[in-house]
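Reviewing the structure listed below.
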Amino acid sequence: MSKPIIVWFRQDLRREDNPALHAAYEQGVHVIPVYILDDVNSGDYKMGGASRWWLHQSLNKLNDSLSGHLSVFAGDAADIIPKIAKSAGAQAVYWNRCYEPWRTERDKTIKQTLKDDGLDVKSFNGSLLWEPWDTHKDDDTPYKVFTPFYKKGCLANNGEPPHPISAPERLTYGDAPKGAVSIDDLGLMPSIKWYDTMDKEWTPGEDGAMQRLEDFLDQGLRGYKEGRNFPDKLNVSRLSPHLHYGEISPRTVWHKARQVMIAEHAETDGETFCSELGWREFSNNLLYHFPTLPEEPLQEKFNNFEWHKNDEALERWQKGMTGYPIVDAGMRELWATGYMHNRVRMIVGSFLVKDLLLHWKHGERWFWDTLVDADLANNSASWQWIAGCGADAAPYFRIFNPVSQGQKFDPEGNYVRRWVPEIASLPDKYLHAPWETDHDCDYPDPIVDHKQAREEALALFKAISG
DNA sequence: TGAAATGTTGGGGCG
DNA sequence: ACGCCCCAACATTTC
């Protein structure tokens with residue numbers, strides 16, 4: 001019998017459109033599916049609490065779909081992979097690429113070690129529509145502005161992304177390598193039971209991801225362009241955690257969305273939705289070409305910016321106790337569900353960096369720990385974007401007004417009333433500015449005066465914008 | 001993928 | 001009828 005192939009699962013926890021798994025299957029040999037929780041190499045970017053909760057569910061689903069043959073390990077992948085490859089007598093190790101700097105560095109080492117050991121190593125594109133090295137300007141430098149990146153760099157130069165490939169029909173499995181642990185042993189589930197709401201809100205895993213996509217295309221694609229801005233509407237896909245863990249591939253999302261778009265003559269909505277996948281590509285591109293993106297402002301002039309230090313204000317922001325209903329609603333949605341509507345992410349982000357003048361890293365850190373869709377590329381690129389120090393960033397003077405944003409995008413107050421119940425009985429008129437009424441609510445006074453905070457921010461940001 | 005300040009226009013009330 | 005004022009509505013500029 002010929003030697004088995006190890007398929008190393010990472011952020012591609014699915015069978016459909018999984019190039020590494022498919023390639024191993026096509027070799028017609030035994031497959032050994034492996035997952036490694038690597039908290040050794042990930043530095044400051046070890047998965048946060050919410051991400052771990054999600055991963056626990058997702059690994060169980062993947063293990064089920066592999067008939068219980070997923071072998072799980074914890075530790076330094078650079079030690080574990082060569083060791084199990086040897087003990088299993090494997091001929092090859094296949095995986096789908098990840099793009100976080102700590103991973104690319106680690107994987108490079110592993111690839112070399114395996115090759116030195118005489119193994120075949122192949123990596124594939126399972127997570128992006130186009131590879132970061134295939135999109136660059138005519139002068140070979142990476143794009144830093146979204147629109148030309150997407151239109152020219154991606155669509156015009158590379159064309160439509162490839163169609164998804166099917167799941168392997170019948171896999172045969174090699175023996176589990178020694179030293180594997182159970183998924184429970186990874187200790188991914190929180191010790192305090194805080195995840196009741198999350199359980200109700202989400203269905204991690206490949207089936208849940210596909211169902212979510214179909215529900216969205218059915219109920220949310222029509223009207224997406226406008227409706228996606230309203231946090232109480234069903235016009236957002238909520239696919240981000242599924243995409244992050246690779247429970248569904250972006251190629252599948254892209255092509256299914258386009259099918260529906262064409263069938264229903266929803267061109268504008270479909271294109272807008274696909275361009276959101278484009279933003280995901282853009283973030284990954286930035287992270288790949290600028291590996292310090294999570295740490296350092298992309299625009300150097302921000303190195304001199306004097307962010308405030310205020311632990312109490314940070315805590316009030318984190319807990320959703322700023323006294324601005326739309327901000328607090330978002331922060332509480334995040335805490336309860338591991339997710340926040342994108343429009344509201346922009347509002348709370350602007351509030352942290354421009355109203356409170358706190359460093360965007362505080363926002364990045366908090367989101368990293370609390371989001372189920374925490375993704376290094378998206379999270380870093382987006383925080384730099386809202387802070388104004390990133391690529392194609394919001395100009396320094398773009399400061400969201402939390403009252404008018406609330407009135408504009410949550411006019412009926414359904415979203416705020418759901419997450420900030422203590423002011424639910426206020427009339428619509430005062431819901432986004434409760435300090436303007438005498439009604440007695442057990443709700444904090446505004447942490448800052450927005451008008452005043454705005455002027456202070458304008459002065460500070462202007463000073464470095466030279 | 002803002003918002004506020006400032007400028008312009010035009011209808012209507014009024015003497 | 002006419003000029004004047006007010007102000008909403010819209011446009012432009014500024015941060």
Task: Cα-derived Rg to Rh of segment A:320-466, Kirkwood definition - done: 0.97
Task: segment A:266-375: chymotrypsin sites (Phe, Trp or Tyr not before Pro) in DSSP coil with no more than 16 other Cβ atoms inside 10 Å - done: A:TRP307
TODO: Round to the nearest 0.05 the FRET efficiency obtained for A:ASP79 and A:ILE262 when R0 = 60 Å and r is the Cβ-Cβ distance.
DONE: 0.75
Task: Isotropic mean projected area of the C-alpha convex hull, segment A:90-208 (nm²) - done: 12.6 nm²
Task: Least to most buried among A:MET210, A:MET340, A:MET189 (fewest other Cβ within 10 Å first) - done: A:MET189, A:MET210, A:MET340
Task: Percentage relative contact order, chain A, counting C-alpha pairs under 8 Å, at least six apart - done: 17 percent
Task: DSSP beta bridge pairing in chain A, given as percent antiparallel to the nearest 5 - done: 5 percent
Open item on the list: Just to confirm the filter: which trypsin sites (Lys or Arg not before Pro) across segment A:365-466 are DSSP coil and have at most 14 other Cβ within 10 angstrom of their Cβ?
Closed with: A:ARG398
Open item on the list: Only sites in a loop by DSSP and with at most 16 other Cβ atoms within 10 Å count here; which GluC sites (Glu not before Pro) in segment A:309-414 make the cut?
Closed with: A:GLU412
Task: Descending principal axes extents, segment A:5-127, alpha-carbon based, whole Å - done: 37, 30, 26
Open item on the list: Among A:ALA463, A:LEU334, A:PRO421, which residue has its Cα furthest toward the positive end of the charge dipole of segment A:314-466, with +1 on Lys/Arg Cβ and -1 on Asp/Glu Cβ?
Closed with: A:ALA463
TODO: Given a cut-off of 32 Å, name the pairs among A:LYS256/A:LYS301; A:LYS137/A:LYS301; A:LYS408/A:LYS462; A:LYS152/A:LYS309; A:LYS152/A:LYS256; A:LYS61/A:LYS256 whose C-alpha atoms lie farther apart than that in the structure shown.
DONE: A:LYS256/A:LYS301; A:LYS152/A:LYS309
Open item on the list: What FRET efficiency comes out for A:GLU26 versus A:GLU201 if R0 is 25 angstrom and r is the Cβ-Cβ distance? Round to the nearest 0.05.
Closed with: 0.10
Task: Mean shadow area of segment A:167-231 over all directions, Cα convex hull, nm² - done: 8.3 nm²
Open item on the list: Cut-off is 10 Å between beta-carbons; in what order do A:CYS154, A:CYS274 appear when sorted fewest neighbours first?
Closed with: A:CYS274, A:CYS154
Task: Within segment A:55-99: backbone nitrogen closer than 14 Å to the A:ILE165 label point (7 Å, Cα to C-beta) - done: A:94-97
- [ ] For chain A, compute Rh as the Kirkwood radius over C-alpha pairs and then the Stokes-Einstein diffusion coefficient at 37 °C and 0.692 mPa s; write the answer in µm²/s, rounded to an integer.
- [x] 139 µm²/s
TODO: Taking just the C-alpha trace of segment A:204-358, give me its Rg and Dmax in Å.
DONE: 17.9, 53
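Here, each number is a calculation from the coordinates, and none is a lab measurement. Because the structure is a prediction, the values reported are computed rather than measured. As a convention, Cβ positions derive from the backbone with ideal geometry for all residues, glycine included, and neighbour counts pool all protein chains shown.
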